[in-house]
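All of the numbers you see were taken from the coordinates with simple rules; none came from a lab. None of these values were measured; they are calculated from a predicted model. Methodologically, a virtual Cβ is constructed for each residue, glycine included, from the backbone with ideal geometry; neighbour enumeration extends over all protein chains shown.
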Amino acid sequence: MSRFSDFGNQLYSGEKSIDFIGRRKIFYTIAAVMLALAVLIPAARGGFNFGIEFRGGSEYRVSASSVESTTAAVDAVHSVKPEVQVNVTRIGNDTIRVQTPTLDEDQSEKVRLALAKSYKVKDSDVASSFIGPNWGADITNKAISGLITFVVLAAILMALYFRTLKMSAAALLALLHDLVITAGIYGALGFEVTPAAVIGFLTILGYSLYDTVVVFDKIRENTLEVEFSETSTFAERVNLAINQTLVRSINTSVVAVLPVAAILFIGAFVLGAGTLRDISLALFIGIVVGTYSTIFIAAPFYSHLREGEAKYVKAAKKVLAKRA
Amino acid sequence: MSERNGITKAATKSLVWLLILMFGIVGVIGLNKLFGEQKATFVPNLALDLSGGTQIILTPVVEEGKQVLPEQVNQAVSIIRQRVDSTGVSESQINTSGNNIVVSIPGTPDKNTLALIKSSAKLEFRAVLVASAGTKTTVGKDGSKPIKTSTAKPTDKSDLNQVSADLQKKYEKLDCAKSFRKPGQVDPEDKPLVTCSKDLTEKYILGPVELNGNDLSNAQAGTVTGANGAVTNDWAVNLSFNAAGGDKFGTVTQRLFPLTEPRNRFAVTIDGYVITAPTTQAVITGGTAQITGNFDQKSASVLSDQLKYGALPISFTVQSQENISATLGSEQLQAGLLAGLIGLILVVGYSIFQYRSLAVLTVGSLTIAAILTYIMIALLTWRQDYRLSLSGIAGLIVAIGITADSFIVYFERVRDELREGKPLNVAVEAGWNRAKRTILVSDAVSLLAAGTLFVLTVGNVKGFAFTLGLTTLIDLAVVWLFTYPTFRLMAQTKFFSSGHKWSGLELRESTGFGYTGRGQFRVAPQVSSGKAAKASKEAERRQTIAERKASSTQEETN
């Protein structure tokens with residue numbers, strides 16, 4: 001029979017219990033180290049690898065070509081404008097992406113036709129794009145203002161619902177952790193930062209908070225009137241809530257990550273560089289980190305913030321005295 | 001028995017509402033399609049990145065320290081739309097995105113269409129101060145004699161005292177054959193301007209701006225009516241100004257008319273180039289003017305089009321131009337759909353593994369959510385001209401996970417209630433009461449994220465935020481109108497209520513718990529005594545709140 005549901009039953013009853021709250025110093029240390037690495041490694045590597053949308057330039061995509069050579073693209077570009085820098089990437093089975101610095105309209109059209117000739121495809125199978133250097137920055141500035149507004153609104157919403165600012169504080173700390181680490185992984189591994197990656201990044205906000213709110217709602221339920229309890233302390237109730245929602249957390253993150261993994265797989269192996277891969281990569285990292293941070297950072301930190309309150313300290317003393 | 005009937009009735013009612021909702025939308029679209037509404041459709045439109053085409057993003061260029069007004073951008077959009085429509089391209093889409101204008105054209109547009117969109121010109125009227133052939137020159141008989149006649153302050157916009165020595169030097173050096181303007185250059189409106197005609201044959205010093213594109217309401221090519229009312233073969237361009245423009249034009253012509261050549265000429269510039277500089281032949285106060293000269297039908301129409309469609313309130317530069325081939329578009333669509341299918345199969349597989357036959361409910365709910373999403377997108381395609389983009393599809397695929405989470409939260413809550421020893425029909429209700437709060441507040445966070453991103457961001461991010469918000473709302477509808485009522489109905493069947501080992505709700509074989517009968521609670525013997533005591537205390541505490549009620553209602557039911 002399903003061992004997993006047995007596991008869930010045992011976690012629910014408290015028969016099996018993982019001590020998240022008691023080990024929080026370890027989790028804090030891990031988080032601090034991860035955050036430091038997320039800042040230092042990209043800094044040491046020289047910052048992020050920004051996509052063409054942030055640098056500006058011209059881009060061509062040759063689709064359905066049987067020619068595999070990448071030097072043909074360099075030659076084609078150089079036949080129009082010698083000595084410019086050309087980046088050629090193969091995408092999927094039969095698409096070739098060529099990026100150059102900004103070319104003017106005439107040159108761009110000539111490069112397009114030259115590429116079609118070199119790769120033996122119809123003119124219409126070569127798509128050309130021109131991207132101004134402000135495009136990516138423009139999107140990102142708006143995204144950042146969106147992010148800040150959202151964080152403020154979400155903090156207010158949570159404070160109203162949970163009737164405590166401390167839950168908002170703990171949830172936002174975990175959110176910050178998720179964003180910095182996801183950005184850090186991007187920077188450390190040198191993944192290209194494109195507007196699509198920025199979209200994925202923004203979705204992490206929503207998901208990370210969503211996940212935290214589900215667990216916090218159980219914590220809220222478990223810690224109602226805990227100051228009158230003679231059997232368990234505030235910290236124990238929080239820990240029980242994490243354990244009781246653990247199966248939900250695992251199931252939800254698996255279910256959320258499966259479709260994202262499917263997009264990532266298709267995006268990376270069938271389509272290659274592009275919107276789908278970039279969105280799903282940021283999301284994949286974000287969902288995993290987001291689920292982790294709810295359990296290992298948000299909830300322990302919330303308990304940390306509140307268990308020191310006079311009424312809970314008093315109640316905890318009573319409980320411990322009774323046990324002893 | 002009565003409670004059971006009550007639940008069946010309430011659950012059926014919810015399901016009927018869901019059907020009404022679904023068939024209602026389908027019916028509205030279908031009837032409109034039947035009665036000849038062209039745009040009503042069951043097939044969602046695809047955005048450029050999936051269907052192929054060209055997307056041009058234009059950014060306003062403004063002088064430093066000045067702001068772009070939303071109405072200026074909207075006005076520019078309607079002018080660009082006119083321009084695109086005038087080329088006969090159908091299915092084009094022109095949107096604003098912040099202050100940017102996004103022009104989407106299917107297929108690969110020809111050069112003229114592109115040029116027309118990109119010549120996002122700014123139209124200005126300026127008085128001519130000095131004019132000569134477009135080559136390097138000196139003014140006056142003996143080399144460089146100052147144009148400026150005194151150091152007195154200029155009294156009006158035609159005053160030659162506006163021409164400083166520097167400006168004069170610039171004018172003398174100017175050779176129209178050489179490039180002299182930066183692309184996207186913005187000229188101060190209150191200063192004189194040195195420039196050439198569009199055909200580069202004549203150069204000018206112009207006074208400050210007198211009128212701009214906003215003041216012009218229409219321009220049309222027509223033939224000149226002779227003095228006796230007879231139609232002649234001479235072509236002209238007729239201008240109409242709006243009220244404010246007509247007044248300004250009257251004042252200017254009053255000033256220009258008495259002056260001598262070239263200062264009685266009035267130049268019209270587009271993006272700083274003079275497209276025409278006719279001589280003022282009368283004081284015109286009626287708000288309409290006629291430009292005559294050596295026009296034929298063609299040249300008159302060209303000028304009138306330039307005046308009419310060139311009259312953008314602000315000027316724009318091309319920020320990005322993207323051309324996506326139809327092949328690449330359909331490849332991406334296929335890959336996106338394939339990813340969605342794989343994702344769906346994985347989610348279904350996992351929920352069967354986790355929830356056994358209860359997965360029927362998960363799969364059913366996801367199917368309903370998928371159908372609702374599809375018809376909502378069809379509805380929005382028709383009503384809002386919505387187009388599904390690749391990032392939109394990514395949003396939909398991500399939504400599979402978030403939608404499924406609502407069921408997981410609910411199922412886990414029901415399992416929790418079962419673990420406390422409640423019979424299934426009670427657990428389904430009690431679990432719902434707890435789960436619905438969690439679902440509401442977590443979806444509110446998700447909706448807040450989608451709403452904020454939608455309002456504050458641009459382009460692809462907007463498309464993504466839109467689908468995320470839409471699917472969150474659909475998630476709520478499905479959980480309320482399908483998952484919960486169906487679960488209530490299922491809970492009444494023997495298969496589920498007896499906790500069949502394939503029901504996904506079985507607890508008998510688990511080590512920690514079993515429910516031995518209504519309201520009773522058995523703790524497995526292998527649990528350490530301290531923990532067992534704690535757990536049963538916990539259960540006892542909770543039993544006092546919910547359980548008592550539950551067992552009493554159960555007695556009624558029996």
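Partner aspartates and glutamates whose Cα lies under 13 Å from the Cα of residue B:136, excluding those fewer than 8 positions away in the same chain, are identified as B:172, B:175, B:202. The stretch between residue B:153 and residue B:299 holds 48.5 nm of extra length on full extension. This uses 0.36 nm per residue minus the Cα-Cα distance.
Using R0 = 60 Å, the C-beta based FRET efficiency linking residue B:12 and residue A:83 works out to 0.20.
Note on region B:241-345: with charges restricted to the Cβ of Lys and Arg (+1) and Asp and Glu (-1), its dipole about the Cα centre is near 480 debye.
Positive-end ranking of B:490, B:374, B:403 along the dipole of region B:350-495, with charges on Cβ about the Cα centre, is headed by B:490. As a calculated quantity, the FRET efficiency between residue A:26 and residue A:176 at R0 = 30 Å, using C-beta atoms, amounts to about 0.90.
Could you list the GluC sites (Glu not before Pro) in region A:40-95 that lie in coil according to DSSP, counting only those with at most 15 other Cβ atoms within 10 Å of their Cβ? Hits after loop and neighbour filter: A:68, A:83. Rounded, prolate or oblate: which fits region A:133-249, taking a ≥ b ≥ c as square roots of the Cα gyration tensor eigenvalues, rounded meaning a/c under 1.5, else prolate when a/b beats b/c? Taking the square roots of the gyration eigenvalues as a ≥ b ≥ c, region A:133-249 is prolate.
Magnitude of the charge dipole for the protein assembly as shown, about its Cα centre and with charges confined to Cβ atoms of Lys, Arg (+1) and Asp, Glu (-1), is about 2500 debye. Under a Gaussian network description of chain A, with springs only between Cα atoms under 10 Å, the residue in A:144, A:185, A:279 that fluctuates furthest is A:144. Cut-off 12 Å, label point 7 angstrom out along Cα-to-Cβ of residue A:36: give me the residues of region A:287-303 whose amide nitrogen falls inside. The answer is none, because no backbone nitrogen lies closer than 12 Å to the label point. Across the cross-link table entries B:122/B:191; A:16/A:322; B:39/B:122; B:191/B:298, which are compared at the Cα atoms, the separations over 25 Å belong to B:39/B:122; B:191/B:298.
Once backbone amide H atoms are built at 1.01 Å from N, residue B:386 has B:381 as its partners under 5 Å, excluding neighbours fewer than 5 places away on the same chain. The label point for residue B:137 and the one for residue B:260, both projected 7 Å from the Cα toward the Cβ, are 1.5 nm apart.
For region A:1-100, the list of trypsin sites (Lys or Arg not before Pro) that fall in a loop by DSSP and count at most 15 other C-beta atoms within 10 angstrom reads A:23.
Close amide H partners of residue B:290, meaning residues 5 or more places away or on another chain with modelled amide H under 5 Å apart, are B:239.
Quick one: grab the alpha carbon gyration tensor of chain A, order the square roots of its eigenvalues as a ≥ b ≥ c, and give me rounded if a/c is under 1.5, else prolate or oblate depending on whether a/b is larger than b/c. It is prolate, given that a/c is not under 1.5 and a/b is the larger ratio.
In chain A, the calculated helix contribution to ellipticity at 222 nm averages -22000 deg cm²/dmol per residue, counting -39,500 (n - 2.57) for every DSSP H run with n ≥ 4. Relative to the longest principal axis of the Cα atoms of chain A, helix A:310-323 runs at roughly 60 degrees.
Placing dummy labels 7 Å off each Cα toward the beta-carbon, the span from residue B:223 to residue A:124 is 4.3 nm. For region A:223-276, GluC sites (Glu not before Pro) meeting the loop criterion (DSSP other than H, G, I, E, B) and having at most 11 other Cβ atoms within 10 Å: A:225, A:230. Under a model in which nothing but the beta-carbon of Lys, Arg (+1) and Asp, Glu (-1) is charged, region B:123-318 shows a dipole of about 620 debye around its Cα centre.
Distance from the C-alpha centroid of region A:223-243 to that of region A:127-202: 33 Å, rounded to the whole angstrom.
Each Lys or Arg adds one and each Asp or Glu takes one away; over the other residues whose Cβ falls under 11 Å from the Cβ of residue B:99, this sums to 0.
Does anyone have the angle between helix A:275-293 and the longest principal axis of chain A? Alpha-carbon axes, 0 to 90°, nearest 10? Approximately 20 degrees, to the nearest 10.
Legend: mean number of C-beta atoms from other chains within 10 angstrom of residue C-beta atoms, peptide A:188-199, equals 2.
Here the spin labels are modelled as points 7 Å beyond Cα on the Cα-Cβ line, and at residue B:78 and residue A:322 they lie 7.4 nm apart. Considering only alpha-carbon pairs that sit under 8 angstrom and 6 or more positions apart, the relative contact order computed for chain A is 24 percent. With a Förster radius of 45 Å, plug the Cβ-Cβ distance of residue B:233 and residue B:32 into 1/(1 + (r/R0)^6) and report the FRET value to the nearest 0.05. Efficiency computed from Cβ-Cβ geometry: 0.35.
Candidates A:144, A:22, A:156 compared by Cα position along the dipole of chain A: farthest toward the positive end lies A:22, with charges placed on Cβ. Scanning residues 5 or more positions from residue B:130 or on other chains, those with amide H under 5 Å from its amide H are B:205, with H placed 1.01 Å from N in the peptide plane. Across every pair of non-identical alpha carbons in the protein assembly as shown, the mean reciprocal distance, once inverted, gives a Kirkwood radius of 32.0 Å.
Between 0 and 90 degrees, the angle of helix A:134-162 with respect to the longest Cα principal axis of chain A falls at about 10 degrees.
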